[in-house]
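The values are calculated or read from the model by the stated rules, or taken from the named source; none is laboratory data. Everything numeric here is computed off the predicted structure, so don't read it as measured data. When we count neighbours, we look across all protein chains shown, and the Cβ atoms used for this are built from the backbone with ideal geometry, even at glycine. For the accessible areas, the whole protein counts, side chains as well, though only heavy atoms, and no ligand, DNA or RNA atoms are used. Shrake-Rupley method; radii C 1.70, N 1.55, O 1.52, S 1.80 Å.
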Amino acid sequence: MKKIRYYIGIILAAVFSLTACEQIMDEKKDLSSLTPDDVWSDQGLILRYLDNTMANGNIPVFDIWANTLDDEDAGYTPNFLNNSFSGTPDSPISWWGYANMRNINNFLENIDKVPDEVMSQTDRESYKGQMLVLRAWNYWLGVRAYGGVPLVLEVQEVPDDPKTLGVPRSKTSECIAQIVADLDAAIALNGFPLKWTDDANAGRFSKCIAYTLKAKVLLNYASPRFTHEIGAGTKSAEQRWTEAYNAWSQAKNILDGQGYGLFRGGYDKSFDDAVQDYYDMFIGSGSEMPSNPEIIWAKRYDVTALASPTIWTDAGTMFERSSPTLQLLNLFLNADGTPYTKMDAFMSNLASKTVQGMKIELDECKIPYWQGREPRFYATIVYNGCDFPIKRRNAYKVGDVEDPHHWFFEFAVNPYTDPMWTKAVNVFGIGQRKLCDLAQNYENDNRGTDRPIIRYAEVLLSLAECAAKTGKEAEAIGYLKQLRQRAGIPSANNYGLGSPTGDALILAILNERAVELAYESGNRFQDLLRWRLYTDALNGYTLKGQILYTIGQEMKVFDPINGKDDYAPVLFNFPDINVPGNEAEYYKYFTDRVFGKSITPINVGERQYFWCIPYDAHIVKNPIIEQTKGWDDPRGAGTFDPYL
């Protein structure tokens, strides 16, 4: 009876936590007397069980915290960058989804037993496919954090002593094999749809998502993070790259056949059209599933849709939550597609500066980095004086004057009587434009658009990477050219790429990923991890942000009422700072000052590539779990090798 009571507990937890339970109540079913047979004999209850499990299934959301772990964000310095991150259980990049895994396993054990008169074979296979993909996704989150994790593939009975339920960590290679097996099993189901074409189901797992996730997992497994050491009995790096290339090629062929592709891609376009197209891909008409051909998997905004809570709630806008570093700005290309290098000497000079105590030394910068850049720069970045008519309280204005430009001022300065977006409290003079809806009124509101998790651009970038690593460099460059063409970069010299080979081609791909996928689902953080760029390239380097101060009496007028200087509204007729020559007028009123993201250089240790499993939260409940090598817990040094 213990097992039956346990099943009922799982099912009731899934059903009672639903927010859309009105339809269950309409059926006049006495939920307090539910039995397993009731659930598996009612398709409505089965669907609600599925949806609730999906909603609790670690589907990604906008992860501000993850952005701070890499070179995208200048606003906050977590302990990961100074080698003191310990993988706390509440960290967004940690994982321990075994509570929901019980629901997944219970569903998979029972769905094939549902009578045909209750559910069609097509629906049964559709539901089963979604759960198999969810289980694969969850185990990938575990492997991505720790290497191998305990594989629990069936519902466990609850014994008198719960500690006897302990399952040891499986090898990383075994976990990868299981993840791929689950995805292949889902793909093999005839009733599991290739894609969802209706708005009500768009965002659910599909075969197209399964193909893409399989390729994404194999790409990571081939990357240097997992091949830094080749464990005994595991596949060589060359074999892993070949498998990843084949998986991405297969995924691309399937996606192409289902109408996926670059949003407004495939043709050369004007500079202004390219900026608008890149912005429209995320915001506005045609940007949301299922009409957007580029979005393969997204977190839906609609709170009534599957696994779709609001993405974030904040009185401000997204650009206030993410402050691009100057390193990220430097990765955006010149307008002709060539690398941007004007800041290199200045950044190098800054790296030699020192700090005293907690006070970060500021250095003046007079380089107009915002001029002559590629279209994606202007669709992604908010900079001082740019055209950015973000609305709040149904208007965009500074003081009493409407102004479509955005201006940053010194911390805590209130230059006008009713400042809207005229402060640099968290954004340090550079902000995020991407994913900010200029048609929306931001006042304690939510961003009303889908949040992309995987889009077609990532498919091309990942396939380019695999092609480059398997001797198909011309093919790799071809995929980059498609992205640069859509980005509005002129076609000369391979859209500014030239003809890179070897490591230079890999670096070009990674830089393209940083620009194209900026601020999307922690991609940059994962790229830096899987290519071991923290220890191999970034250690010893200080990330740089930027703040802007108002200076000079030219901006001040004496206010006889208050008896002090106030700020004159000189900005409303300010010249276009994107025009060369006008930077002199800009620097007449503003001084850009650069600071370090951290008071110490980056210092990421080898152990940070695979984290410890929190001892107090998890291992004490399952003492047979080995700790990851490089980490200690109360039992001593870790013994689990994540490379096996």
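The set of residues from segment 223-238 being open to solvent by 20 Å² or more (accessible area, probe 1.4 Å) and charged (D, E, K, R) comprises E229, K235, E238. Within segment 615-644, residues that are among the charged types (D, E, K, R) sit with their Cβ atoms under 7 Å from residues that are in a loop (DSSP other than H, G, I, E, B) and open to solvent by 70 Å² or more (accessible area, probe 1.4 Å), at 6+ positions apart or across chains, in these pairs: E626/T639; K629/T639; D641/K629.
When both residues are 6+ apart or on different chains and their Cβ atoms are under 8 Å apart, which pairs have a first residue that lies in segment 243-268 and is farther than 21 Å from W196 by Cα, and a second that is assigned to a loop (DSSP other than H, G, I, E, B) and open to solvent by 50 Å² or more (accessible area, probe 1.4 Å)? If the second residue must be assigned to a loop (DSSP other than H, G, I, E, B) and open to solvent by 50 Å² or more (accessible area, probe 1.4 Å), the pairs left are E243/K235; Y245/K472; D268/P490; D268/S491. Looking across segment 239-261, the residues that are open to solvent by 30 Å² or more (accessible area, probe 1.4 Å) and assigned to a loop (DSSP other than H, G, I, E, B) come down to Q258, G259. Filtering segment 119-129 for residues that are open to solvent by 20 Å² or more (accessible area, probe 1.4 Å) and part of a loop (DSSP other than H, G, I, E, B) leaves a non-empty set. When S287 is tested against (1) among the hydroxyl-bearing types (S, T, Y); (2) open to solvent by 40 Å² or more (accessible area, probe 1.4 Å); (3) at pLDDT below 95, exactly one condition is not met: (2). Return a yes/no flag: does segment 582-591 have any residue that is of a type in the set (G, A, S), part of a helix (DSSP H, G or I) and at pLDDT 75 or above. Yes: one or more hits. Residue count for segment 262-284 satisfying the condition of being polar (S, T, N, Q) and either under 24 Å from the mean Cα position of the chain (by Cα) or open to solvent by less than 50 Å² (accessible area, probe 1.4 Å) (or both): 1. Residues that are open to solvent by 20 Å² or more (accessible area, probe 1.4 Å), more than 27 Å from the chain's Cα centre (by Cα) and β-branched (V, I, T) occur in segment 163-181; there is at least one. Note on segment 327-345: among residues that are more than 26 Å from the chain's Cα centre (by Cα) and without any contact (Cβ under 8 Å) to a residue 40 or more places away in the chain, the one that is most open to solvent (accessible area, probe 1.4 Å) is K342.
Considering only residues in segment 484-530 that are in a helix (DSSP H, G or I) and on the phi > 0 side of the Ramachandran plot, the one that is surrounded by the most Cβ atoms within 10 Å (Cβ to Cβ) turns out to be Y495.
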